[in-house]
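First comes the structure, then the notes that go with it.
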Amino acid sequence: MTSEDTDSKKLLIFGTTAWDIINRKGKGEKKEEEILLGPNLVRELVDVKVKKAVTGPVSCHSFVITNEGQVWTFGRNERGQLGLGHKDTIPFPVNVSQQIDALKNEKIVAGATGRNHSLLVTAAGEVFAAGDNKLGQLGLSSLTDQTTFQKVTNLGKVTVVDVACGADFSLAIDDKGQIYAFGSMEYGQLGNGADGQYIKSAGQMGTHPQPQPLLVKSLAERKITAIACGANHSLALDDEGYVYSWGFGGLGRLGHGEQKDLSIPKVIPNLASVHELSRATQIACGASCSLALDGNKQMLLWGKWKNTGDGSSGQPWMAPRYLYDLNGWNLRQIAAGGSSLFALADDEMTTIAWGQVQNGELGFGEDSTVKTATKPQKVEPLEGIKPLQVSCGLGHTLLIVKADDELVPNLPKWPQLPETDDLCVKCHKEENDEQLLLCDKCDSPMHTYCADPPLDSIPEGEWYCDTCHPPASSKKRSADGAQVSGNKKSKSN
């Protein structure tokens, strides 16, 4: 276990939270409170020990995995992709593990999101799926949509360690480094040598669904350590640092110098050097681009990652190229969303972002004159805060950071609550300001002596009121809760 595993962490969000409107014209106007131009603490999870944030470049929904393997979810849900048993949008995080019987006794360790479907992986190596299933992207025998998580029994006795989702297809990697693919194979993104297309009617093509997970046979002799999916393309990384790509080849996202679809994985030449440090250690996909981190912790990028100029559809990067604007930074993680790109500095407390975005998902802040960037820039509101993991969605970004006592507690919380007066919520008196505390979750003021149990003095660190943390669980909210001793700023501070 690394020190990072034991660090206290917080989840931040920025971008647009109008989940049903993102990238949709004529669906209504975004409200001001739904646009988060700067990083916000996710209020519902400030007292939860978060481990991993999960969303994707074509996803308007997200999952958050906790240290104890519970799962929270929120976002768009019109095909039941949140797995909650209905199709209502969930604006703020709710605990799926506590609501769905199939997950109550499962420890979740990984997950992935597509356009309208979701996959979760348990510690035992089983996969659960929910959402849109018209092309078999859930890996179930039936092509019926699923509004609650169902176990993917079609994977048999395979022990899955990670998953990735494209728009309408899925990949799973097992403990032996083998890849299984299912769902849409319209562009060859399943890597099985076929595109599944047939003549549906005069002048119209259809695509056969592939619900049965298929072994990607051409990579069976390689030990794959990581997988990633764009909207309609796939990447795989093996244990020697070679990167393979297949699927939709438009705009150079496969990295082979031509705009040609591939239905069988092919090694990317620019990442196949005889020098190990020039090969990859990490891969990621945006909707129409691909990224890799080499052995020197430098980033390579290819495909369409801009709307204008070099790197746009008019001038896509047809093969992996170093982004020299990132020179000087050693990077720990790279990620891409619908239009956003992120790089986390490894040895500095710096988050770097760029992309021609429309939803504020770069997090540059309300005071910044810049909301979009064609070149990498520091996310100034996060300077001095240690970034640990980033996941980029369609119109929104999730970032897990290391908690501290100064900068992180002073970030705004999402959702913003109505302003209240300074009266103690228990005794409704304004006296003894120096003994008024603010709850770190709901921001309610309360006297130390009105707390349950009463406090002798202002506690150090985080503190939660007895409404957010009822007395029965005052020492521990749940398996995932934070200790009730906390950051205490008093109202007189």
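The values are calculated or read from the model by the stated rules, or taken from the named source; none is laboratory data. For clarity, every value in this text was computed on a predicted model and none was experimentally measured. Counting neighbours? That spans all protein chains shown, and the Cβs are built from the backbone with ideal geometry, glycine included.
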Just checking, does region 61-77 include any residue being within 17 Å of residue 165 (Cβ to Cβ) and over 17 Å from the mean Cα position of the chain (by Cα)?
no
When you check residue 177 against the structure, is it in the same structural domain as residue 229 (by TED's automatic domain parsing) and surrounded by 14 or more Cβ atoms within 10 Å (Cβ to Cβ), yes or no?
yes
Would you call residue 207 surrounded by 14 or more Cβ atoms within 10 Å (Cβ to Cβ), over 25 Å from residue 143 (Cβ atoms) and in the same structural domain as residue 151 (by TED's automatic domain parsing)?
no
Do we have any residue at all in region 267-278 that's touching a residue at least 60 places away in the same chain (Cβ under 8 Å) and out of contact with any Asp or Glu (no Cβ under 9 Å at 6 or more places or on another chain)?
no
With the structure loaded, tell me whether residue 201 is at pLDDT 85 or above and either of a type in the set (Gly, Ala, Ser) or over 26 Å from the mean Cα position of the chain (by Cα) (or both) or whether it fails that test.
no
Considering residues of region 21-48 that are of a type in the set (Lys, Arg) and either buried (at least 16 other Cβ atoms within 10 Å of the Cβ) or within 17 Å of residue 94 (Cα to Cα) (or both) only, the residue nearest to the chain's Cα centre (by Cα):
43
Out of (1) more than 28 Å from residue 355 (Cβ to Cβ); (2) surrounded by 15 or more Cβ atoms within 10 Å (Cβ to Cβ), what's the single condition that is false for residue 200?
(2)
Tell me whether region 213-235 contains one or more residues that are assigned to a strand (DSSP E or B), assigned by TED's automatic domain parsing to the domain that holds residue 57 and of a type in the set (D, E, K, R).
no
Residues 345, 292: which one is touching a helix residue (DSSP H, G or I) at 6+ places or on another chain (Cβ under 9 Å) and either closer than 25 Å to residue 275 by Cβ or outside the structural domain of residue 235 (by TED's automatic domain parsing) (or both)?
292
With the checklist (1) at negative phi; (2) modelled with pLDDT of 95 or more; (3) out of contact with any Leu (no Cβ under 6 Å at 6 or more places or on another chain) in hand, flag the one item residue 41 doesn't pass.
(3)
Mind checking whether some residue in region 324-334 is closer than 22 Å to residue 36 by Cβ and outside any loop (DSSP other than H, G, I, E, B)?
yes
What are the residues in region 124-157 that are among the small types (Gly, Ala, Ser) and more than 19 Å from the chain's Cα centre (by Cα), if any?
124, 125, 136, 139, 141, 142, 156
Tell me, yes or no, whether region 125-142 has at least one residue that is assigned by TED's automatic domain parsing to the domain that holds residue 230, in contact with a Gly (Cβ under 7 Å, 6 or more places away or on another chain) and aromatic (Phe, Trp, Tyr).
no
Considering region 95-117 alone, what residues qualify as being in a loop (DSSP other than H, G, I, E, B) and charged (D, E, K, R)?
104, 106, 107, 115
Can you work out which of the residues in region 4-39 that are in a strand (DSSP E or B) and charged (D, E, K, R) is nearest to residue 57 (Cα to Cα)?
10
